[in-house]
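To start, the structure itself, in structure tokens.
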Amino acid sequence: MSTRRAGDDRGSVVAEFAVALPAVVLVLALGAGALAAGSRQVRLQDAAADAARLSARGESAARVHAAVSSALPGAAASIQERGDLVCVTASATVLLNLRITADACALAGGL
């Protein structure tokens, strides 16, 4: 039979681990969410650039909107003409209802 000595800290490691584990899980979840949001931002920027080129070549607005929404489901696009440029602003909702946007322009009448 074992006797417990004064100053014995058996079990304290488990208690410290139980306290620290939720913080570690929270940091990992926030990191994964940030990576996912960054990935969506890159895809949205690429889709906006493709959509701007399509619009500048004279494609229909429906085709431009379809290009953006096919790259990122749920994304919306708006088309503006700025002098010789055709610009597309794309936006989408990411984690926790945060909104990301991307702008891209192309020379009107471009190839």
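Just so it is clear, none of the values below were taken in a lab; they were calculated from the coordinates. This structure is a prediction, so every number in the text was calculated from the model and none was measured. When we count neighbours, we look across all protein chains shown, and the Cβ atoms used for this are built from the backbone with ideal geometry, even at glycine.
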Worksheet item: Can you run phi through the Karplus equation (6.51, -1.76, 1.60; θ = phi - 60°) for the range 24-41 and list ³J(HN,Hα) in whole Hz, with x for Gly and Pro?
Response: 5, 5, 5, 5, 5, 5, 5, x, 5, x, 5, 5, 5, 5, x, 5, 5, 5
Item to complete: Order by neighbour count: S70, S55, S91, fewest other Cβ atoms within 10 Å first, most last.
Response: S70, S91, S55
Discussion item. Between (i) 35, 34, 23; (ii) 45, 34, 27; (iii) 88, 21, 20, which entry matches Cα extents along the principal axes in Å as derived from the coordinates of this structure?
Written reply: (iii)
Worksheet item: If you place +1 on the Cβ of every Lys and Arg and -1 on the Cβ of every Asp and Glu, how big does the dipole about the Cα centre of the chain come out, in debye to the nearest 20?
Response: 240 debye
Practice prompt. Kindly express, to the nearest 10 degrees and within the range 0 to 90, the angle between helix 61-71's C-alpha long axis and the longest C-alpha principal axis of the chain.
Written response: 20 degrees
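Please work out how much length the chain gains when fully extended from V14 to R63, using 0.36 nm per residue of separation minus the C-alpha to C-alpha distance, in nm with one decimal.
On the way: separation 49, 0.36 × 49 = 17.64 nm, distance 5.84 nm.
Taking 0.36 nm per residue and subtracting the Cα distance, the gain is 11.8 nm.
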